[in-house]
Amino acid sequence: MEIEEIRATIQRGAYFVTDHAISEGFKEGISVADMLEAIAKGKVIERYRERERCLVYGRRNDGLPIHVVIDFAPRTSLEIVTTYIPQRQQWIKDQRRKKRKR
């Protein structure tokens with residue numbers, strides 16, 4: 001699913017925010033409104049085709065970078081699965097995973 005399709009699905013109100021996303025967001029200071037804002041202005045940075053999920057990178061209104069994982073397996077709707085603040089030791093410019101050292 002492309003970001004435009006994700007945004008259109010949310011515009012129609014055909015989305016669900018999981019309890020996990022809400023609780024993880026709460027721990028990180030990310031509200032549902034922040035998640036929706038990140039999706040509205042962000043971009044898909046990873047796709048997990050085998051799980052029908054993607055990772056969206058966006059920012060809160062105050063500029064804080066956030067990631068939102070979206071599951072679109074239901075086809076007629078989507079689920080916001082989780083959200084978090086990307087950790088610098090794992091991400092390059094919050095958008096590309098660093099390679100793991102062996």
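The values are calculated or read from the model by the stated rules, or taken from the named source; none is laboratory data. Bear in mind that the values here come from a model prediction, so they are computed numbers and not experimental data. So basically every Cβ, Gly included, is an ideal-geometry build from the backbone, and we count neighbours across all protein chains shown. To get the accessible areas, we keep the full protein, side chains included, count just its heavy atoms, and leave off ligands, DNA and RNA. Shrake-Rupley method; radii C 1.70, N 1.55, O 1.52, S 1.80 Å.
At a temperature of 4 °C and a viscosity of 1.567 mPa s, determine how fast the range 1-57 diffuses translationally according to Stokes-Einstein, using the Kirkwood radius over alpha-carbon pairs as Rh; express D in µm²/s, rounded to the nearest whole number. Write out the running numbers ahead of the final one.
On the way: Rh = 12.1 Å.
Rounded to a whole number, D works out at 107 µm²/s.
Summing charges over all other residues whose Cβ lies under 15 Å from the Cβ of PHE26, with Lys and Arg as +1 and Asp and Glu as -1, gives -2.
Where only protein heavy atoms count, and the probe is 1.4 Å, what is the accessible area per residue for the chain in Å²?
64
Shown for the chain: the carbon plus sulfur share of the solvent-accessible area, taken with all protein chains present and a 1.4 angstrom probe, equals 49%.
Counting each DSSP H run of 4 or more residues in the chain as -39500 (n - 2.57), what helix-only mean residue ellipticity at 222 nm follows after dividing by all residues, to the nearest 500 deg cm²/dmol?
Details: 3 runs with 29 residues, N = 102.
Per the formula, -8000 deg cm²/dmol.
Taking the Cβ of GLU37 as the center, what net charge do the other residues with Cβ under 12 Å away carry, scoring Lys and Arg +1 and Asp and Glu -1?
Working: positive: ARG7, LYS41, ARG59, ARG60; negative: ASP34, ASP62.
Neighbourhood net charge equals +2.
Kindly provide the GluC sites (Glu not before Pro) of the range 1-44 that DSSP labels as loop, not H, G, I, E or B, and whose Cβ sees at most 14 other Cβ atoms within 10 Å.
Values: sites: GLU2, GLU4, GLU5, GLU24, GLU28, GLU37; in loops: GLU2.
Passing sites in the range 1-44 are GLU2.
Projecting the Cα atoms of ALA8, LEU78, GLY63 onto the charge dipole of the chain (Cβ charges, centred on the Cα centre) puts GLY63 farthest toward the positive pole. Rounded to the nearest 0.05, the FRET efficiency derived from the C-beta distance between ARG12 and LEU64 at R0 = 41 Å is 0.90. Taken about its Cα centre, the chain carries a charge dipole of about 840 debye when Lys and Arg each add +1 at the Cβ and Asp and Glu each add -1 at the Cβ.
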